[in-house]
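Below: the structure, in structure tokens.
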Amino acid sequence: MRTRSPASRDLIGSRRVSVAQPRAARPGLLRRLAAGAWHVPAGLWFVLRHPRLWPLALAPVVVTALLLGAGLFLGVYVISAVERRFQGLIVGAPELLGVLTTLMLWVGILSAGLVLGLGVGLLLSAPLLERLSRRVELLARGAAPNESRGLRWELGQALGGALYFLAAAPLVFLLNLVPLVGPLLGLFWGAWALALQQTDSPLTRRGLDFPTRKAWHRSWRPESMGFGLAGLVLLIVPFANLLLAPALSAGATLLVLELEQEQVRQDSSARR
């Protein structure tokens with residue numbers, strides 16, 4: 001019978017409580033959002049300062065760069081057709097409203113194209129990004145848990161998370177067609193889906209299935225949304241977005257490790 005080390009037992013214990021509502025006071029909303037967002041540049045910096053991670057990061061960078069370009073091209077192609085459809089709706093409307101509507105269409109469609117390209121890139125790079133995530137955890141903590149239920153289960157969980165994020169692209173597109181509030185809703189939905197997908201690897205290693213991972217994100221919603229929003233902001237930054245895949249993979253792993261330790265601290269405080 002396999003025996004678990006104390007460190008492994010701590011990880012499993014923290015996993016059991018990590019999806020529960022916290023019992024100790026947490027920082028304010030803005031601080032929690034910022035803490036989640038910080039892990040995107042932190043993940044990029046972690047990869048850059050560990051050259052042994054570069055071989056694992058290279059292929060996802062190339063694949064994601066190509067698909068981001070393809071998604072952007074697709075968005076530009078779609079814009080002309082959609083803009084003609086909306087042109088009749090804004091005739092006679094105030095000039096400012098017409099300009100804002102056209103701007104939202106451009107932003108929304110291009111964003112949806114980029115999200116679609118990123119989603120396909122992450123799906124194709126998933127095996128390498130999982131190895132990168134595991135290596136990041138080994139470097140950061142010295143050990144990586146292995147509480148999954150087998151390779152087939154891991155592949156199924158990874159596929160489910162990837163498809164969930166891919167579904168965000170058409171929904172982002174449709175939400176951006178809703179005047180005023182649509183782009184904001186699309187941004188938040190895309191951020192939530194991105195954070196959920198990128199934490200698949202570290203949370204799956206802890207034995208969490210898809211519904212339990214969603215509960216984990218609800219428990220840490222501000223941190224999760226901050227991480228996803230920062231990822232989407234980096235997505236539209238030229239050249240920086242080429243490094244987005246390894247930055248997100250490493251950053252999501254570091255985020256899970258930090259929140260795991262935070263949960264342990266909160267539980268210790270609650271017991272005292």
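Please treat every number below as a calculation from the coordinates, not as lab data. Bear in mind the structure is a predicted one, so any value in this text is a computation, not a measurement. Cβ placement follows ideal geometry from the backbone for every residue including glycine, while neighbour counts extend to all protein chains displayed.
Shown in residue order for region 249-256 are the 3J(HN,Hα) couplings computed by the Karplus curve 6.51 cos²θ - 1.76 cosθ + 1.60 at θ = phi - 60°: 5, 5, x, 5, 5, 5, 5, 4 Hz (x for Gly and Pro). Its relative contact order, with pairs defined as Cα atoms under 8 Å and 6+ residues apart, puts region 28-257 at 37 percent. Region 181-261 has equivalent-ellipsoid semi-axes of 21, 16, 10 Å, by the square roots of 5 times the alpha carbon gyration tensor eigenvalues, sorted largest first. Counting beta carbons within 10 Å around each of Val63, Val172, Val237 and listing the fewest first gives the order Val237, Val63, Val172.
Its Cα gyration tensor gives region 28-257 an equivalent ellipsoid; the semi-axes, largest first and in whole Å, are 33, 18, 16.
Projecting label points 7 angstrom from Cα along Cα→Cβ for Tyr77 and Glu147 puts them 4.5 nm apart. Taking other C-beta atoms within 10 Å as the exposure proxy, Ser80, Ser133, Ser219, Ser111 rank Ser80, Ser219, Ser111, Ser133 from fewest upward. Listed from fewest to most Cβ neighbours within 10 Å, the set Ile236, Ile79, Ile109 follows the order Ile236, Ile79, Ile109.
Each residue of region 193-206 was assigned a 3J(HN,Hα) from its phi angle through the Karplus curve 6.51 cos²θ - 1.76 cosθ + 1.60 (θ = phi - 60°); the sequence is 5, 5, 5, 5, 5, 6, 8, 3, 4, x, 6, 5, 4, 8 Hz, with glycine and proline shown as x.
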